Structures are given as C-alpha cells and as structure tokens.
1. Which ones in segment 123-135 are surrounded by 16 or more Cβ atoms within 10 Å (Cβ to Cβ), in contact with a helix residue (DSSP H, G or I) (Cβ under 8 Å, 6 or more places away or on another chain) and not in a loop (DSSP other than H, G, I, E, B)?
2. Does V212 fit the bill of being free of Cβ contacts under 8 Å to residues at least 60 places away in the same chain and aliphatic (A, V, I, L, M)?
3. Which one of these does R60 not meet: (1) surrounded by fewer than 21 Cβ atoms within 10 Å (Cβ to Cβ); (2) touching a strand residue (DSSP E or B) at 6+ places or on another chain (Cβ under 6 Å); (3) in a helix (DSSP H, G or I)?
4. Output yes when any residue across segment 227-234 is in contact with a helix residue (DSSP H, G or I) (Cβ under 9 Å, 6 or more places away or on another chain) and closer than 30 Å to F382 by Cα, and no when none is.
5. Here's a check for you: in segment 173-185, which residue that is in a loop (DSSP other than H, G, I, E, B) and in contact with a helix residue (DSSP H, G or I) (Cβ under 8 Å, 6 or more places away or on another chain) is surrounded by the most Cβ atoms within 10 Å (Cβ to Cβ)?
6. Among the residues of segment 526-556 satisfying the criterion of being under 20 Å from I417 (Cβ atoms) and not polar (S, T, N, Q), which is surrounded by the most Cβ atoms within 10 Å (Cβ to Cβ)?
7. Here are some conditions: (1) in a loop (DSSP other than H, G, I, E, B); (2) touching a residue at least 12 places away in the same chain (Cβ under 8 Å). T227 meets all but one. Which one does it not meet?
8. Tell me the helices (runs of 4 or more DSSP H) entirely within segment 256-332 that contain at least 3 residues that are at pLDDT below 95 and not charged (D, E, K, R).
Amino acid sequence: MKKIFKIKIFATVLIAVSLLMASCTQDILQESPRSSYTPDYFQTEEGVQGGITYLYSQLRYIYGQPYYYNSLETGTDEYTYAQSADGNFKDSDLSGVGVINSDSHPSSIPWDNCFPSINTASGIIENAAAVGLSDALIAEARFFRAFDYFLLVQTYGGVPLDLGAGNLKFNTSVSRTSVRNTVPEVYTIGVFPDLIQAVNDLPITARLTGTVTKNVARLFLAKAYLTYGWWLQNPNNIPTYPDTPRTDPDGHDAAWYFQQAYDLAAEGIDNPGDYKLLDYFYDVHVATNDRHAEMMLYADHTEASTQYGGYASGYNGTDPGTNTSVWMVTSNYTRISVGGKSIQREAAQDYGRPWTRMAPTINVFEETFADKTLDSRYDGTFVSTYRANWDKAGDTNSATGANGLSIAPGEAVLSYIDYNPAVVYGDNAGVGAGVLPGRADYVINLNEINRKNYPGLWKLGTYRTDNNGGLGEPNSAVTRPYPIAKFSEFYFIAAEAAVKGATTQGGKSARELINVIRARAGKWRFDHNGNVPKLEDNSAAMVLATPAVVDIDYILAERSREYFGEGYRWFDLVRTQKWTEYASSYEIAGTNDTDHSPVTVSRTIEKYHYLRPIPQGQMDKMLATDAEKEAYQNPGY
C-alpha cells in the first residue's frame, strides 16, 4: 500500500557534517551544497556519497534541537519546566499546566526527520553497489536506517516500513496513504538485520573522525536487543500500538534478547577499536576535549566553518540544525549582581545564553547526586558556582558582596550549596539569595531552589576559541558536537542485561561492570566549581559503597548520574517501564526569586504516554477517513 511520506531524497540544501581530525583537514567528509537532487543524480557515485554525508548531517536536526531535547528530559525525574517556559515545555511536564497531543511540536521532530533519512539510506543501499561503493560504505547507510527505525519504534511504537515502494525500498514518489507495522516487525525487519550487517561490514577503525564503526553498530544492536527484551517482557502491562501480541516472529523470548544484549556489550568492551573510557569523568565533558575517544557518535558542529557547522557563526536562533539545547536549562544568571556589577553573558562553558525554560528538580540534588564529595559527577555535570566575570567587559574592579566582603573578578558571587540551616535569605544578589557568616558569596540551598534560579548544566555548555580575552559571542548557537553515544554505555547495557537474567562472564557481573564506571567517577583531576586542580582518587570508596546486589533501580540511578541532562532519561524510564514510578511527583519552589519553600508537584503519567502521538501534520496529509486516521493515531491522543 502506498504511503503519504513526502520523502526528501536529500535535504533541499545539503549541509555536510564536520568529522574533524585535530589538524588533518583532508580527513573530513567533503561535499558540495546543491539546491536540488533528483533520483538520477542518486544513481551516481557522487550522489550516493553525498547521501552518506547527508545521513551524518541529519543528526543535527534531532540531537541538540532544543524542543526535542525538552521532550526527553522535561517530565522525567531529571527536569521540570522553568519560569520562562512556553507551552512546549509545560506540555511535556504532565503536571496539569499543559497536555501532550498530536500538535505538540517536540513529538513531531523524530517523525519528520527520520523518514527522509531512512529513505536516503534505502537509496544508498539500492544504488551503492552499482556505482562501486564498498560494503563498508553501504554498511554506514544500513547503520543509519536501523538507527532511525530504532529511534522511531521507541518513540511511537510500530511505524511504516513501506514508504511507498515496498518494505525498506527507496521511494521517489509522493503518496497519501500509510500503514503502520507492528513493533516486532519494525525490530525484526527494520532494525536487527541492518545492524547485524553493519556489525559484520563496518571497519574496526573509523574511516574518518566521527564516522561509524563496527563497535558503534555493536553498541546500538546491543541496546536494541535490550530494549526489545523489555518490550517482550512488558512487566507493567504498558499497551503497545498497533496492538499485537508480545511475541517474537523469530521465536525468541525476552531472556534470549537479554543474553544477546549482554554478549554484544561484553564483546564491545573487549574489542574497543578506536574507543576507550577516559580516565576522568571531567575530561568526558570539558569542552576543550571534544571529539575524544569515549565519544562514539555525535551530531557535529564546529566554530571553524559555517558549511560544516550547520549555521553561520554568530547565529542566535533555535532553527533546526542548531545546537541550542543547553540554553533551555540555563537560568538567567546575568541577573546576579553585587555592588552594581552583574555577571556577564559570556561564551564560556559555565555561562552561555540563558533561556530559563527547564529546571532540575530538587530530588536530583538530594537523591541522584546525594554524594557530591567522593563522586566527581555532580561537579562535572552542573554549574553550581557563578563567578564574577565583569572584567571580561573591561571592569577590573572588585565589588562588595555578602557580609561587606570584597569580590574580585574570578571569585564566587553566587553558590548553590548542600543544605545549611544557617542560610538567611533576603533580597540579595538580585536573585533572592541568602548569606552565611564569613562568606563573600551569596548562597542558595540546593533543596530550596525554585523555577527561576537553579544550577546550570556545565557538561553541554558553550565553548568558543575566539573570545580573545573578552565575552565573545555568548548568544551564538553552541559550536560543540552534541553527544549521542559513548563507550561507557557498553558497561550499562551489559549490567542491565545481567540484572535481567543474562549469564555473565568472569569479571563482568552487573556489580563489577557498574563498579568500573563508579571507580572512574571517584577520580578527580580538577574541581570545576572550585576552579582549582584537585588530584584525588576516591575510587576504592566508591566501589565499596556499591550495594552487594545491583538491581535495575540502582542501574537507573547510575545512568542518571552518568548521563544526566543528555537526553537519555525518557528512553531509560520508558524502556524499563519505570517512568510513572520515578516521575509522578517532584519537588521545587515557585517562580519568584524569594520563594525558597519547596512544594511537591504531582504529575499524571498515563500508560498511553509511554508512546508519543503521531504528528498532526502526518494525519492531515493522509487520504483517509476520520475513522482510518483515528485508527492510525496512538490511542489516548
């Protein structure tokens, strides 16, 4: 049956991804932007190679996109809406201030972007051999087709495998009907075979910095097996759509898939190829170290080139293709002021452009990151100290802070701290902060944050090299690569599969795997919020504190500590069917600066929310009766 999808064979204007070597400019994906593409052009070597480049560049239109990012974080136990949130953010919170429906923009982003990418990948697969492309290059297209289908099936349930020309066939025409396949069909036809082939055919070593390899495909195949195993098991009776029995067409049960996930993840750990765990969590996220050996896949951006960055230097909008997610979780720190001097917007990792759309919950700081002393991940995740930077705007003078004490450029003006009952709040520092005896900086207890003032997200923060000692371009879209997959996740996948019953290998029990991550988290080389070197190894204490029996709740807590604010959380809670349990309530204070009285907010997370709605744009273009459209839409929307 023909499909509605108006598939882009390529983007109208092809924007290549930058896959940069440190200094070897010839080792990047090269392309020439064109105004249009035709099926005939796609049957040339240049066209097929351009299609591969497009698959990488298309990652930008999903990852780092702020409204999609919101849909993966707001409404979980990590984030809620903040003081300046519009409907896109309030809708996602499910706390009575908005509602997710088929018109919700964030829900449409994977649908609108994955299908053009899938069709391009199918065109490459069908035409590549005829124009002489290697199996390894064809495998890159296979990886992305499976990657997109995996993203879609997690988001919407069953989705169409036939875009108009047959299952997984390259479609060059527009049609206006569509049929959704079931979840088992999407996995067993659209995800697993392509990823298996990609694991077989991709090289161990990347052909260019940032291109996919055997181990990247192995990671996503392991994750897909793990996710499908949970789907088959369905511990909390979450409905699926289109409605279908929770049985596997290939005759395997959930335990088989958990074992496959474990075995593949263990193989990935033992055969790392280009990748490894870095020695310090700090180094995974410090902007001066981007594109490092732990990063396996990312949506690339670069300050060095408009063509390879996705948008012009200085661009300050949130259009598709920009990396602006971190703006959403940055409160307006420029309101922090002392002695007539304000903290300045700066193009630096602690600062950037503040939008105040999303706020972390108090639970994050009291529960997830309860250990802020031994574990380096709190310090390597958040901005909890805002420092005087008015010297970057030309004012090198000190200002008078709390208790009449002086604050010089570079020193703390506002700090978020673990609860101290001695804090006395007032109309201080422009943000209703408090004071403590003997301290020049103003303070806010982490368990008394509100929707207006809260710690920022350092790990995804702004970074530029052209500030020249000044404030730079703090309003520009972020020119850093946005992380999608890291080598560390092999350890989490294997541990989770082990908890689900997989037979483990020597030295790779769930506890041993998690302790590799925790041991790394205990190692410090720099105290980011203290802004001082800190050579400290707490790995033994971290390992000792791990419970004897690691369960799924502990793994989810560790995943949040490791990947907080990176867009993993909704998928983690949906996969494990823990979303309702974890996120049905949260604590935060109100929207006024002086409000430091937290309240408990309830969310209504229905079972149907575990799938996102099919976008209304898709529904409106279908030639179908109202009843057929209703049957096409996920129930509840």
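The values are calculated or read from the model by the stated rules, or taken from the named source; none is laboratory data. Every value quoted in this text rests on a predicted model; they were computed, and no experiment measured them. Cβ sites come from the backbone with ideal geometry, for glycine too, and all protein chains shown count toward neighbours.
1. From segment 123-135, those surrounded by 16 or more Cβ atoms within 10 Å (Cβ to Cβ) are 123-128, 133; that's our starting set.
Among the residues that remain, those that are also in contact with a helix residue (DSSP H, G or I) (Cβ under 8 Å, 6 or more places away or on another chain) are: 123-125, 127-128, 133.
Those that are surrounded by 16 or more Cβ atoms within 10 Å (Cβ to Cβ), in contact with a helix residue (DSSP H, G or I) (Cβ under 8 Å, 6 or more places away or on another chain) and not in a loop (DSSP other than H, G, I, E, B): G123, I124, I125, N127.
2. Numbers: free of Cβ contacts under 8 Å to residues at least 60 places away in the same chain: no; aliphatic (A, V, I, L, M): yes.
Against the criterion (free of Cβ contacts under 8 Å to residues at least 60 places away in the same chain and aliphatic (A, V, I, L, M)), V212 does not qualify.
3. All conditions pass for R60, except number (1).
4. Yes, there is a match, as at least one residue in segment 227-234 is in contact with a helix residue (DSSP H, G or I) (Cβ under 9 Å, 6 or more places away or on another chain) and closer than 30 Å to F382 by Cα.
5. Of all residues in segment 173-185, those in a loop (DSSP other than H, G, I, E, B) come to 173-182.
Next, only the ones that are in contact with a helix residue (DSSP H, G or I) (Cβ under 8 Å, 6 or more places away or on another chain) stay: 176, 178, 180-181.
Values: R176: 14, S178: 24, R180: 20, N181: 22.
It comes out as S178.
6. The qualifying residue surrounded by the most Cβ atoms within 10 Å (Cβ to Cβ) is H528.
7. Only one criterion in (1) in a loop (DSSP other than H, G, I, E, B); (2) touching a residue at least 12 places away in the same chain (Cβ under 8 Å) is unmet by T227, namely (1).
8. Details: elements: 281-285, 306-309, 325-328.
It comes to 306-309.
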